[in-house]
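Have a look at the structure below before the remarks.
Just so it is clear, none of the values below were taken in a lab; they were calculated from the coordinates. If you're wondering where the values come from, they're calculated on a predicted model, not measured in any experiment. All Cβ positions, glycine included, derive from the backbone under ideal geometry; neighbour counts span all protein chains shown.
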Amino acid sequence: MGYYVIAHDGNRYGPADIATLQQWVREGRIAPNTTLEDEFTGTQIRASLLPELSHLFPQGAAPPPTQAPPVPMAGGGPSSQATTALVLGILSLLCCGLLSIPAYIVGKQELDRINRGLSPVEGRGLAQAGYILGIIGMVLLGLAVLYVVVVLVIAAMSSPY
């Protein structure tokens, strides 16, 4: 389970697991009044009220200003990797099924980078589409190979020699 950190500027970072959040508290990146959002349910909670973090905050201390976790690359649009994943995914369906493999790999890697805050969040949709198209392309490629094998076996079995 992970949580997004809602920074004082309104940006969302993450999702991060509990161990990462605990580290960010120790580094002063998360204050008691920092808002956390459950990545699955969307439920928001103050960091000091999350049982896994509450023991890390001093009791009665004034909360320091919220320092954001590692800043994801925001603004400027999606990364070139997200765009590449989408283009490869589309091409894998239109003309070359072998491109489905790099579409899947590039899309998955970019989604992981976005989730870690290393790539712009604006590219999530493109990377996800490329990833999914890569999966679809691999399935279609597998079915095409299976079809060719079946046709060759049938042809070999029906040959008089």
Cα-based shape type of the chain, given that a ≥ b ≥ c are square roots of the gyration tensor eigenvalues and the cut on a/c is 1.5: prolate
Within region 3-54: Cβ-based charge dipole about Cα centre, in debye rounded to nearest 20 (Lys, Arg +1; Asp, Glu -1): 160 debye
Percentage of interatomic Cα-Cα distances in region 80-158 larger than 17 Å: 47 percent
Max mean-square fluctuation residue, GNM over the chain, Cα-Cα springs under 10 Å, options PRO120, PRO58, PRO102: PRO58
Magnitude of the charge dipole, the chain, Cβ model with Lys/Arg +1 and Asp/Glu -1, debye to 20: 160 debye
GNM flexibility winner over the chain from VAL145, VAL87, VAL121 (Cα, springs under 10 Å): VAL145
Listed residue (GLY28, GLY10, VAL145) projecting farthest to the positive dipole end of the chain, Cβ model: VAL145
Fluctuation leader among ALA47, ALA19, ALA31 - the chain, Gaussian network, Cα springs under 10 angstrom: ALA19
